[in-house]
Amino acid sequence: MSVTNVGHPASSHIHPPPDTFIKKYVFSLDHKVIAVQYFITGGLFFVLAGLLAELMRVQLMGPNNHVLSISTYNQAYSVHGSAMVWLVIIPLLTGGFGNLVMPLQIGARDVAFPWLNMISFWLFPPAGILLFASFLYGAPQAGWTEYPPFSVQASFGTSMWCMAIFLIGVSATITGLNFLVTIVKMRAPGMTWTRTPLFVWATGVTAFLSMIATANLSAALAGLFIQREFGVPFYDVSRGGAPVLWQHVFWFYSHPAVYIMILPAFGIVSEVIPTFVRRPIFGYKAIAYSSATIGLLSFMVWAHHMFTSGLQHWEQFAFMVLTMLIAVPTGIKIFSWVASLWGGKIRLDSPLLFVFGFLSTFTFGGVTGILLASVPVDVHEHASYFVVAHLHYVLFGGSMFGIFAGIYYWWPKMTGRLLDERLGKWHFWSMFVAFNATFLPMHWIGLHGMPRRVATYDPIYTSTNEFVSISAFVLGLSMLLFAYNALRSAKNGEIAGPNPWGGRTLEWMIPSPAPYYNFKEIPIVLSGPYDYGKPLPYANVDQELATVPVH
Amino acid sequence: MKPDTHQPLLDSGFWRAVVVMAVISAVLMYIVVVYPIDRAFLPEASVVSIPIDNLFKFSMFFSVPILVYVNGFIIYFAFRYRRRPEEPIDAVGSPIHDHPALETTWTIVPSVLMIVLAVLSYFIIPMYYPTEQAAKSDVTMEAIGHKFYFEFRYPGLKQSVMNEMHLPIGVPVTLDITSYEETLDVKTGPVLHSFWVPEFRLKQDMIPGMVVPIHFTPREIGTFRIVCAEFCGLGHSHMWGKVVVESKTDFDKWYAGQQTQAAAPEAAKPISLAGGDASAGQTLFNAKCTACHNAAPFSQTKVGPGLADLFDDPQHPNLVTGKKATPANVADILEHGAHGSYGTMPNMHANGLTDKDVANLVAYLQTLHK
Amino acid sequence: MAVHAFTMSDLEYAEIRSHRLLGFLFFLISDCVIFGDFIFSYLYLRNAAPIWPPVGIERPYLYLAAVNSVVLFGSGATMHFAMEAFRHSNRTRFVGLLLATIVLGSLFLGGQAYEYTHLRDTWAGSTFGASFFTLTGMHGFHVFIGVIFLITVLIQTLRGTYSAHRYFGLTAATLYWHFVDVIWVALFFLFYIY
């Protein structure tokens, strides 16, 4: 095997540590500190967006409720969706986990452009503030997708939405560029592509998508903004514009965006499984290459969100076929992960439980996705609660369960302390049961005829909506278990040591939390990371560090 | 630290689990096949709803074993391969990295299933779009989305029908679908709607500037729902309609009735407001009017102004039509609708109101004070 | 980096340069995507329109734009030869050609401004105006930034920031300038010829 990147003389420099409070914690250039900043900010928006969801469910406890006015309800689900996508899931997975873990896993001291990394983060809080401030000027009401002509007619809050999402889009593009250069150029000596951890593969493909796809979002938002504020007639039917044009440009970004939201979670799953099953991941190459395939194909399926928008028949057919095609590499991953459990020595700790939750719910979401991929079936299911159910199964069941798996897994590396295992199990089980109770019934009422984005509904759906709302309240409460766990651990959690789980990737070869320079010497990689039972495949690394799990 | 290689790769325990999961799958797959969607869940009221439901069943049929086996193996492996307490904490598992035959199988089989699904779908898509042949023999009519009601234009009927589409059973229909408002200005003009009849399994977005035809044949007599399935504004949650499928005789009677109405001069006799029931009016108000109006003073605008003290507000003595706020003039607006800067107040047909409903509403509004 | 371009070793500089070059290329690619979106929008609206240009809208004058294009492509040529002069350590020739590039780029901007003020269609006036002014406006903005970039490079040259072997800022400016040229080829074709 040829060895690439023989030495990084510039990147292996250890510069002097930051000295002032501002340089250490505010405008930090350290990827690990920036990761914490992303986690805190993303976590805050998760709470806010979650509260909006609970408010929505109070309104939907019964038909014709007047808890929220119709206008407020519409604004609630629009900001809920926008915040969850752009202020929670994408920042947590890319800015949070990507920053925390990827440079460590490739044996680097930091990302390629630390200053740009800092800029990326600092675009995030203003974007979030701008989005929530839109409530003061009439927040957008047409969902996170903001289709014109309505979004052209809506109040100034929609222009604020355009600006907010534009800002976070710039942040995501810069992060994508930064991560991709880092992964291509700064892997430790000896880390060929087939010795690269799967989370790094996932982050790399995600970075490519972030960089290329997000540019489309910027263009779409700019187009909507100038139509609204300056009358530039892209979407003005009376002057030759086309509402469907927005749908094309928006979804050309937003479909890759959903892969931005799931690929890092796939990466997390691929890391947690070998560690807690203590055997190599099954089908490493298949998982790695299927990630790249999914990344490429993700640009070719966007119009499956538009099957009822007056597309030509050949367009509908082409997008249907490509969508079904993308299911195949996804299925390969799921089967490989399940096969990775076979013949292992499994420790059923919280990170692995959340991975099981991911596998169960994401597979279900994938199956309903195939149902939606077929055009004739989609014609009935589009814009109904069936789609609401599907998207939450893949984004909550998939991304959020993946995020929690990652949090429980890398918490010791980030903080130096362990989370309480019993609380973790309670959190998992309550979240898993409440999640299914909330979203499974939605398939039923969706198929039966309840549309989405409505503040009231036909009374025949009352009992199901009541059940869903109560389950949603329990789901919200289950998060308190995690909050309590996190606070307790931060105060006096058990000290973790460098490698509490017995992992074999490079982040576990240094102390917890990692020193600002990460590695005393840049490690040299001799083979792949998942070969449990063989000696550690690194030189220049402290082999004395325990690789025996604590429990 | 040596991997456990005493057992054969796939032992009897494994195959027992496979069989158990196969039985569970078989039971569920059987249920999928025999489940009577039309009787037990949602009527299959159009001809194309049957192949669509069958396609859905086909997908569910093959999804069941995927779900059962993925979840089943997770549970089975989690128990079977968990580290026993007596084993060392750092015991390792099997070193097997891959299995080309297995991986090829689980690549090829789903691909084949996807191809079959695509082919089956390919044949169903044209069933709900008009072909040239169908266009010749179909009855063609229009469905137009407005804020916030459905307008239907029938061949041979001078006036449109609002919100309640009548169709004769068994007659194929081509429905030209679009969205329209009287003002086309981008800031106040038409928005997207979507025409969805769940019982027909048909949906088509109503797009301003585009006319998209769909084609279907009703096959069951009954009253079915039309649901607006694309966000269109404050009235979206209340934008509902009805499809009444009836026998040819009943349909002809209805059609003739519409023609008579159309021939009759407009507003020949104002609606009688005598005996209006305020409490019935209140129920109606809460059900239909609160989408756009608050039972609150004028300034509490929602889409239209608040309607409390409608008849004795010195600051707003006139209605949007420019006429004085009297019960008769209010009844006029309820009957014929009105246009304002806010949008369109639908007429009584659009709102599904009878003469009695109008009287009740006016009675209620007379009692509505802040 | 805490280490200045002059004081780091050759190996270190090569590494930093390769990171920055890749990053800059990625930036140019994502910029292409934004232009691509608006080009798609233009083609979509044009395809959906019953007649093109829309009623009452004139196509802009080919002759003026052709002359302006020659100016811009000329500046691409002068930039290319400037780089060559730099690599041959011919400082005077380099500065002269760089100045010429700046002047030609500014002339292009002047030409665009002239054309804008003499067109009857406006940005919000029609779908043609929407596409034309958005795309050429974005491009003009990029040219403007490019001119600033080149002036900065000129100043850095006069201050002696670049050595014979370390001149990444100059490389980046050249790439950016050629990128601006390539985008213009597409826009010129789409709006004046097609």
- Query: DSSP loop GluC sites (Glu not before Pro) in the stretch B:151-228 with at most 13 other Cβ atoms within 10 Å of their Cβ, which ones?
  - Reply: B:182
- Message: Over 21 Å between Cα atoms: which of B:203/B:248; B:248/B:288; B:248/B:356; B:147/B:187 fall into that group?
- Response: B:203/B:248; B:248/B:288; B:248/B:356
- Candidate lysines - alpha carbon under 17 Å from residue B:158, same-chain residues fewer than 8 apart omitted: B:253
- Message: How shielded is B:59-65 by partner chains, expressed as the average number of their Cβ atoms within 10 Å of its Cβ atoms?
- Response: 3
- Please compute the net charge surrounding residue A:439, taking Lys and Arg as +1 and Asp and Glu as -1 over other residues with Cβ under 14 Å from its Cβ. +2
- Note on the structure: Looking only at aspartates and glutamates whose Cα falls under 17 Å of residue A:32's and that sit 8 or more positions away or on another chain, we get A:19, A:110, A:507
- Positive-end residue of C:125, C:80, C:54, charge dipole of the stretch C:30-147 with Cβ unit charges: C:80
- Message: Could you check the spin-label model distance between residue B:61 and residue A:488? Points 7 Å from the Cα along Cα→Cβ, value in nm.
- Response: 5.1
- Other protein chain Cβ atoms within 10 Å, averaged over every residue that makes up B:102-110: 5
- Note on the structure: Rounded to the nearest 10 degrees, the helix B:248-263 long axis (Cα) sits at an angle to the longest Cα principal axis of chain B of 40
- Note on the structure: Here the residues of the stretch C:149-188 lying in the modelled label zone of residue C:89, meaning backbone nitrogen under 17 Å from a point 7 Å along Cα-to-Cβ, are C:160-167
- Note on the structure: Listed with the fewest Cβ neighbours within 10 Å leading, B:205, A:19, B:38, A:349 appear as A:19, B:38, A:349, B:205
- Task: Could you work out the relative contact order of chain A, using alpha carbon pairs under 8 angstrom and six or more residues apart, expressed as a whole percent?
- Result: 17
- Query: Within a Cβ distance under 10 Å of residue A:280, other residues only, what is the Lys/Arg minus Asp/Glu net charge?
  - Reply: +2
- Item | Most to least packed among A:272-280, A:122-130, B:26-34 [average Cβ atoms within 10 Å] | A:272-280, A:122-130, B:26-34
- Alpha-carbon centroid distance for the pair the stretch A:465-502 / the stretch C:103-158, whole angstrom: 54
- Message: As I understand it, the dipole of chain B uses +1 on the Cβ of Lys and Arg and -1 on the Cβ of Asp and Glu, about the Cα centre. Which of B:129, B:92, B:360 lies farthest toward its positive end?
- Response: B:92
- Determine the shape class of the protein assembly as shown: with a ≥ b ≥ c the square roots of the Cα gyration tensor eigenvalues, call it rounded for a/c under 1.5, and otherwise prolate if a/b is greater than b/c, oblate otherwise. oblate
- Task: For the stretch B:73-112 and the stretch B:279-296, compute the distance between their C-alpha centroids and round to whole Å.
- Result: 61
- Message: For the pair residue B:33/residue B:108, report the inter-label distance in nm, with labels modelled 7 Å from Cα in the Cβ direction.
- Response: 2.5
- Message: Using each residue's phi in the stretch B:63-71, evaluate 6.51 cos²θ - 1.76 cosθ + 1.60 at θ = phi - 60° and report the 3J(HN,Hα) Karplus result to the nearest Hz, with x for Gly and Pro.
- Response: 6, 4, x, 4, 5, 5, 6, 5, 5
- Please average, across the residues of A:326-337, the number of beta carbons from any other chain that are within 10 Å of each residue's own beta carbon, and give a whole number. 4
- the stretch B:163-296 - percent relative contact order, Cα under 8 Å, separation 6 or more: 26
- Longest principal axis of chain C (C-alpha) makes with the long axis of helix C:62-87 (C-alpha) an angle, in degrees to the nearest 10, of 10
- Query: Using a basic spin-label model with each label point 7 Å from the Cα along Cα→Cβ, how many nm lie between residue B:259 and residue A:444?
  - Reply: 4.8
- Message: Given the DSSP H assignment, sum -39500 (n - 2.57) over each helix run of at least 4 residues in chain A and divide by its residue total; what's the result at 222 nm in deg cm²/dmol, nearest 500?
- Response: -20000 deg cm²/dmol
- Which one of A:139, A:334, A:392 has its Cα pushed farthest toward the positive end of the charge dipole of chain A, where Lys and Arg give +1 and Asp and Glu give -1 at the Cβ? A:334
- Cα-centre dipole for the stretch B:125-181 with unit charges at Cβ (Lys and Arg positive, Asp and Glu negative), debye to 20: 100
- Task: State, as an integer percentage, the relative contact order of chain B based on alpha-carbon contacts under 8 Å between residues 6 or more apart.
- Result: 14
- Quick one: grab the alpha carbon gyration tensor of the stretch B:132-263, order the square roots of its eigenvalues as a ≥ b ≥ c, and give me rounded if a/c is under 1.5, else prolate or oblate depending on whether a/b is larger than b/c. prolate
- Task: Report, for the protein assembly as shown, the % of DSSP beta bridges that are antiparallel, rounded to 5.
- Result: 70
- Item | Only Lys, Arg (+1) and Asp, Glu (-1) charged, at Cβ; the stretch B:278-367 dipole about Cα centre in debye | 140
- Message: Placing unit charges on C-beta atoms (Lys and Arg positive, Asp and Glu negative, everything else neutral), compute the dipole magnitude of the protein assembly as shown about its Cα centre in debye, rounded to 20.
- Response: 2320
- Rounded tilt (10° steps) of A:70-83 against the dominant C-alpha axis of chain A: 30
- For a label point 7 Å from the Cα of residue A:67 along Cα→C-beta, name the residues of the stretch A:374-397 whose backbone N is under 16 Å from it. none
- Given R₀ = 45 Å, FRET efficiency for residue C:120-residue C:159 by Cβ-Cβ distance, to 0.05? 0.45
- Item | For peptides A:49-62, C:145-158, sequence by mean Cβ density within 10 Å, most packed first | A:49-62, C:145-158
- Per residue of the stretch A:297-314, in order, report the coupling 6.51 cos²θ - 1.76 cosθ + 1.60 (Karplus, θ = phi - 60°) as ³J(HN,Hα) in whole Hz, putting x for Gly and Pro. 5, 4, 7, 10, 10, 4, 7, 6, 8, 10, 4, 9, 9, x, 5, 5, 5, 5
- Message: Can you compute the FRET efficiency between residue B:54 and residue A:317 using 1/(1 + (r/R0)^6), with r the Cβ-Cβ distance and R0 = 22 Å? Round to the nearest 0.05.
- Response: 0.70
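Each reported figure results from applying straightforward, stated rules to the coordinates on display, with no laboratory input. Quick caveat: nothing in here was measured; it's all calculated off a predicted structure. Every residue, glycine among them, receives a Cβ derived from its backbone with ideal geometry; neighbour counts consider all protein chains shown.
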